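The values are calculated or read from the model by the stated rules, or taken from the named source; none is laboratory data. Keep in mind that this is a model prediction, so the values were computed, not measured. All Cβ positions, even for glycine, are placed from backbone atoms using ideal geometry, and neighbour counts span all protein chains on display. Surface accessibility is based on the protein's heavy atoms, side chains included, excluding ligands, DNA and RNA. Shrake-Rupley method; radii C 1.70, N 1.55, O 1.52, S 1.80 Å.
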Amino acid sequence: MSEPDTRASLRITEIFYSLQGETRRVGLPTVFVRLTGCPLRCTYCDTAYAFTGGQAMSLADILAEVARHGARYVTVTGGEPLAQKNCLPLLQSLCDAGYQVSLETGGALDVSGVDARVVKVLDIKTPASGESEKNLWGNLASLNPHDEIKFVLCDETDYLWAKQVLDEHALASRCDVLFSPAQGQLDPTVLADWILRDHLPVRLQVQLHKLLWGNQQGK
């Protein structure tokens, strides 16, 4: 694996320090690197401000800003971070620097080139997202046991669809699977009851950062 060019540039919406609100690392202090741009337009998107704009930053400057916060964990998110080709060297550089790195990706772009040390959090888009036809099912073959699959669910139709996908692709045997209720659309208690009723091998995920700070940007 070649050494990344630290002069390489990415467009960054924000870099901030907060608690991880999702995944197995929920509650852990984490630096978030939010890349600009996304090819998807999910109905429930809460980061539309990252679709455009941003600031060009070199890999070296991004690494320096991440280091300033003194955290062990780094999450690269978006938008859709893989929409920028230099996301891959960024992920490699963060791993090389000793961070525990996760990538939040919408599942429509190829993840096969992602550094194997990175925890890939792969969304599978449900019908109510409006983007289920964009799911790149070949990505499942690139998942490692430490990766995670996430479904954001808006209603019972989404739940039943996700349950079918879970079974058809034996997802729970690949890695951890997260079922997350879309904020304001599906009651987490209702989703919890469905999961228990059907004995699903999944983790219920609520967004801790929204419980603490609402939809405040940079949190």
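Worth pointing out:
- Here Ser129 fulfils each of the conditions (1) touching a Cys at 6+ places or on another chain (Cβ under 6 Å); (2) farther than 17 Å from Glu104 by Cα; (3) hydroxyl-bearing (Ser, Thr, Tyr) apart from (2).
- Number of positions in region 50-60 that are of a type in the set (A, V, I, L, M) and open to solvent by 20 Å² or more (accessible area, probe 1.4 Å): 3
- In region 112-136, of all residues being among the hydroxyl-bearing types (Ser, Thr, Tyr) and open to solvent by 10 Å² or more (accessible area, probe 1.4 Å), the one that is nearest to Phe179 (Cα to Cα) corresponds to Ser132.
- Within region 17-75, restricting attention to residues that are of a type in the set (Val, Ile, Thr) and in a loop (DSSP other than H, G, I, E, B), the residue that is farthest from Glu3 (Cα to Cα) is Thr43.
- Lone unmet requirement of (1) open to solvent by 10 Å² or more (accessible area, probe 1.4 Å); (2) within 17 Å of the chain's Cα centre (by Cα) for Val74: (1)
- Residue list for region 1-20, filter: modelled with pLDDT of 90 or more and either open to solvent by less than 30 Å² (accessible area, probe 1.4 Å) or β-branched (Val, Ile, Thr) (or both): Leu10, Ile12, Thr13, Glu14, Ile15, Phe16, Ser18, Gln20
- The listed residues are Leu63, Leu90, Leu10, Leu40, and the only one of them that is closer than 25 Å to Gln207 by Cα and of a type in the set (A, V, I, L, M) turns out to be Leu40.
- Subset of region 167-189 [outside any loop (DSSP other than H, G, I, E, B) and not aliphatic (A, V, I, L, M)]: Asp167, Glu168, Ser173, Asp176, Phe179, Ser180, Pro181, Pro188, Thr189
- Contacts under 7 angstrom Cβ, first residue in region 131-158 being outside any helix (DSSP H, G or I), partner aromatic (Phe, Trp, Tyr), 6 or more apart: Phe151/Phe179; Val152/Tyr44; Leu153/Tyr159; Leu153/Phe179; Cys154/Tyr44
- The set of residues in region 99-130 that are assigned to a strand (DSSP E or B) and over 12 Å from the mean Cα position of the chain (by Cα) contains only Gln100.
- Search result, residues across region 169-212 that are open to solvent by 60 Å² or more (accessible area, probe 1.4 Å) and in contact with a strand residue (DSSP E or B) (Cβ under 8 Å, 6 or more places away or on another chain): Arg174, Asp187, Pro201, Arg203, Leu204, Val206, Leu212
- Taking the listed residues Leu109, Leu88, Leu82, Leu103, the one that is open to solvent by less than 10 Å² (accessible area, probe 1.4 Å), of a type in the set (A, V, I, L, M, F, W, C) and either more than 22 Å from Ala182 (Cβ to Cβ) or at pLDDT 95 or above (or both) is Leu103, with no other qualifying.
- Residue within region 27-49 that is in contact (Cβ under 8 Å) with a residue 60 or more places away in the chain, open to solvent by 30 Å² or more (accessible area, probe 1.4 Å) and basic (Lys, Arg) present: yes
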